[in-house]
Amino acid sequence: MVKAEIISVGTELLLGQIVDTNAVYLSRQLATLGIDLYHRTTVGDNPQRVKTAVAEALQRADLVITSGGLGPTEDDLTKEMVSEVLTLPLVLDQASWERIQKYFKELGRPLTQNNQKQALIPRGGQALRNERGTAPGVMVAKDGKLVFCLPGPPEELEPMFQEQVLPRLKGKHGVIASRVLKIASLGESLLAEKISDLLEAQTNPTIAPLAGKGEVTLRLTARAESQKEADGLLAALEAELRRRLGDVIYGIDEDTLAGVVLNLLRVRGQSLATAESCTGGLLASRLTDEAGASDVFKQGVVTYSNRAKQDLLGVPQDLIAREGAVSPQVAELMAQGVRKAAGTDWGIGITGIAGPGGGTPEKPVGLVYLALAAEDGVEVRELHWPGARKLVKRRTVIFALDLLRQHLLRKEKGSRCRNN
């Protein structure tokens, strides 16, 4: 079993000036190759710290991949430190030097002596041609350890990995495959209770629950000799989870809840309109984030004020005065009003108190009323969300989308039963 480590070099990473997308990219690539990644290290442009990071990584891992620190300046020291740790002197790679000279000549830019630094590699190593920049990468092996030094810019690192590192590693370590199941209407603790025996077993494949802001995901990971074998293991585990959890699983991998709802509406030839108060258009935004949303999403209004609720949705002034803008009656009329105005099959109305102010003992912060209107009636839900304003809004939108999804699934099942 090969163990790997990634070292990201650059003070700008530690300062948060740029996001380390290289480490994420390399982690995913190693996973698909069946290589275990146990550590990721970020270190600034300091020679001793880089040297220490490389030395420690080589003690723990069989494969070390560095990114960054291959440029021509004095603080680009990754190859130098790898050379010192492996006790392999740097030598000039003539082919790389000639290519760098040609590159500068074609650009009409002056070539300085420090550019030659980029063509140095540890003795016995191999230069990895850089088709998108001047700094070649390096592969060097010693004492059963393998080190790849890759450039920092992602537009250089990713092609170099695909074209020159991947072929050297592929097919030698098996396959690690993953699949993510997405859940919106079941809390993490209840979910864990339903699949506790599977979580305790944790052999191959494994299950890793991850709670997000209003959603839970289950990452299934299988290790196998081939992609086909790994896919078979994942499929069997997914089938068992679906048997236990049913329709609370709304999608897999890149699926979004809004996208799933829009597809269900599209299949049924139905349409949707929304009226939002406390969520301020977030529901409409989630829907319109999806390509092709206009097929089924016809209208979204933000009726933040009482006057807007009256003028745009027909909510009576005396009802608001009597029951309050945050009430089940107002949510119901908002859903019905927007559905009628847009001429759609479904209407969603949302009113609530997102906070941090505006709450009372009778109607505290986090209280939301959500209504779903259709031709055959209206369902109103009273929700109580803890947390900050943005979290209240996000959870309400997720709940609204999933409530509509469940209604669509029930109607679809009822239709199938009647047809049978």
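The values are calculated or read from the model by the stated rules, or taken from the named source; none is laboratory data. This one's a predicted model, so the numbers in the text were calculated from it and none came from an experiment. In this analysis, Cβ positions are derived from the backbone assuming ideal geometry, glycine residues included, and neighbour counts consider all displayed protein chains.
Could you say whether any residue in the stretch 345-356 is over 16 Å from A273 (Cα atoms) and not small (G, A, S)?
yes
Can you find even one residue in the stretch 44-66 that is within 17 Å of M160 (Cβ to Cβ) and either part of a helix (DSSP H, G or I) or not aliphatic (A, V, I, L, M) (or both)?
yes
Tell me the helices (runs of 4 or more DSSP H) entirely within the stretch 268-340 that contain at least 2 residues that are in the same structural domain as I353 (by TED's automatic domain parsing), of a type in the set (D, E, K, R) and over 17 Å from D402 (Cα atoms). Steps first, please.
On the way: elements: 282-288, 306-313, 317-323.
By residue number, 306-313, 317-323.
Which members of the stretch 71-114 meet the condition of being part of a loop (DSSP other than H, G, I, E, B), surrounded by fewer than 18 Cβ atoms within 10 Å (Cβ to Cβ) and at pLDDT 95 or above?
If the condition is that a residue be part of a loop (DSSP other than H, G, I, E, B), surrounded by fewer than 18 Cβ atoms within 10 Å (Cβ to Cβ) and at pLDDT 95 or above, then T87, L88, P89 are the ones that fit.
Could you please tell me which pairs satisfy a Cβ distance under 7 Å, a separation of 6+ or placement on different chains, a first residue in the stretch 391-412 that is closer than 15 Å to V380 by Cβ, and a second residue that is polar (S, T, N, Q) and at pLDDT 95 or above?
T396/T279
Considering only the stretch 66-83, state which residues are out of contact with any Cys (no Cβ under 8 Å at 6 or more places or on another chain) and either without any contact (Cβ under 8 Å) to a residue 12 or more places away in the chain or of a type in the set (D, E, K, R) (or both).
Listed by number, the residues that qualify are E74, D75, D76, E80.
If you go through the stretch 253-278, how many residues are among the small types (G, A, S), over 13 Å from D289 (Cβ atoms) and in contact with a helix residue (DSSP H, G or I) (Cβ under 6 Å, 6 or more places away or on another chain)?
Selection size over the stretch 253-278: 2.
Being outside any loop (DSSP other than H, G, I, E, B), at pLDDT below 95 and not hydroxyl-bearing (S, T, Y) narrows it down to one residue among L233, L157, L199, L241; which is it?
From the options L233, L157, L199, L241, the qualifying one is L199.
How do the pairs read when you match residues in the stretch 191-219 that are touching a residue at least 60 places away in the same chain (Cβ under 8 Å) and in the same structural domain as R179 (by TED's automatic domain parsing) with residues anywhere that are not in a helix (DSSP H, G or I) and not hydroxyl-bearing (S, T, Y), using Cβ under 6 Å and keeping only pairs 6 or more apart or on different chains?
E215/A184
For the stretch 176-197, name all the residues that are over 14 Å from E254 (Cα atoms) and among the small types (G, A, S).
Those that are over 14 Å from E254 (Cα atoms) and among the small types (G, A, S): A177, A184, S185, G187, S189, A192, S196.
Tell me, yes or no, whether the stretch 239-250 has at least one residue that is of a type outside the set (S, T, N, Q), under 26 Å from K170 (Cβ atoms) and surrounded by 12 or more Cβ atoms within 10 Å (Cβ to Cβ).
No, that holds for no residue.
Yes or no: the stretch 208-222 includes at least one residue that is part of a loop (DSSP other than H, G, I, E, B) and over 22 Å from Y250 (Cβ atoms). Break it down stepwise before answering.
As a first pass, look at the stretch 208-222 and keep what is part of a loop (DSSP other than H, G, I, E, B): 212-215.
Imposing the further condition that a residue be over 22 Å from Y250 (Cβ atoms) reduces the set to none.
Looking for residues that are part of a loop (DSSP other than H, G, I, E, B) and over 22 Å from Y250 (Cβ atoms), one finds none in the stretch 208-222, hence no.
Of the residues L90, L86, L63, which single one is without any contact (Cβ under 8 Å) to a residue 60 or more places away in the chain and either within 23 Å of V43 (Cα to Cα) or out of contact with any helix residue (DSSP H, G or I) (no Cβ under 9 Å at 6 or more places or on another chain) (or both)?
The conditions single out L90.
With A141, A119, A57 as the choices, which residue is closer than 20 Å to Y25 by Cα, small (G, A, S) and either out of contact with any Pro (no Cβ under 6 Å at 6 or more places or on another chain) or buried (at least 20 other Cβ atoms within 10 Å of the Cβ) (or both)?
It is A57.
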